[in-house]
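**Q** The following block contains the structure, expressed as structure tokens.
The values are calculated or read from the model by the stated rules, or taken from the named source; none is laboratory data. In this text the structure is predicted, and so the values were computed from the model without any measurement. Quick reminder, even Gly has a Cβ in these numbers, built from the backbone with ideal geometry, and neighbours come from all protein chains shown. When the accessible area is computed, the model is the full protein with side chains, heavy atoms only, and any ligands, DNA or RNA have been set aside. Shrake-Rupley method; radii C 1.70, N 1.55, O 1.52, S 1.80 Å.
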Amino acid sequence: MTDNRTGGTAENAHTTYTADSMQTPHTSRTPHAQRAVLKHVLDHNAIGLDADRALAPHRMMPPPAEIADLTNRLVGHGATLVSLVEGIPGTEHTVRTKGALKDWYDLTDSGPGAGAMANWVHMRALARMCRTFMDYLRERDREGRYRP
């Protein structure tokens, strides 16, 4: 489903349209490898596009199969982002980033709750955390403060 109205889910302040490839490379703890992953993540829009779709208005809720697929992709994106964020000393994390890390582990450990809307709500929470991590990493990169 596509919302073709101005400001619909195809465009969002968090989405950048700069990449052809949508694959996120595997992470590593070496500084050079983490910097390469950060550059790859910040230059590609797969996370933003998936987050936009997950956060579409209720009237555009995806079917259950797409919710499951989006959730799996967001968990993968989030794992990459969490690895990058955790490579930065915790003393340099923003309050919002610290909260998102806690929420990330709570949600990925417990999974969705019960009920008809649980999977949709869970997917949306994962998307919001991915956005928070992306915003934090982009801000640090803009300021030249990224250090794994």
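**Q** Only one of (1) modelled with pLDDT of 90 or more; (2) over 20 Å from Arg145 (Cα atoms) fails for Gly115. Which number is that?
**A** If we test Gly115 against (1) modelled with pLDDT of 90 or more; (2) over 20 Å from Arg145 (Cα atoms), just (1) comes out false.
**Q** Another question about this same structure. Being among the hydroxyl-bearing types (Ser, Thr, Tyr) and exposed (fewer than 14 other Cβ atoms within 10 Å of the Cβ) is the filter; apply it to segment 58-94 and report the residue that is farthest from Arg124 (Cα to Cα). Show your work before the answer.
**A** Kept after step one, since they are among the hydroxyl-bearing types (Ser, Thr, Tyr), are these residues of segment 58-94: 71, 80, 83, 91, 94.
Still in the running and exposed (fewer than 14 other Cβ atoms within 10 Å of the Cβ): 91, 94.
Numbers: Thr91: 28, Thr94: 21 Å.
Residue satisfying both the conditions and the ranking: Thr91.
**Q** It is to be established whether one or more residues within segment 45-55 are more than 12 Å from the chain's Cα centre (by Cα) and assigned to a helix (DSSP H, G or I). Please lay out each step first, then the result.
**A** Within segment 45-55, the first condition is being more than 12 Å from the chain's Cα centre (by Cα), and the residues that meet it are none.
The answer is no, given that none of the residues of segment 45-55 is more than 12 Å from the chain's Cα centre (by Cα) and assigned to a helix (DSSP H, G or I).
**Q** Between a first residue in segment 133-144 that is under 13 Å from His93 (Cα atoms) and a second residue that is open to solvent by less than 70 Å² (accessible area, probe 1.4 Å) and of a type in the set (Phe, Trp, Tyr), which pairs have beta carbons less than 6 Å apart while being 6 or more apart in sequence or on different chains?
**A** So the pair list comes out as Arg140/Tyr146.
**Q** Among (1) assigned to a helix (DSSP H, G or I); (2) charged (D, E, K, R); (3) open to solvent by 70 Å² or more (accessible area, probe 1.4 Å), there is one condition Arg145 misses while meeting the rest; what is its number?
**A** (1) is the only condition that Arg145 fails.
**Q** Let me ask something else. Could you check segment 126-142 and list, in sequence order, the residues that are under 22 Å from Gly76 (Cβ atoms) and surrounded by fewer than 17 Cβ atoms within 10 Å (Cβ to Cβ)?
**A** Those that are under 22 Å from Gly76 (Cβ atoms) and surrounded by fewer than 17 Cβ atoms within 10 Å (Cβ to Cβ): Arg128, Asp135, Arg138, Asp141.
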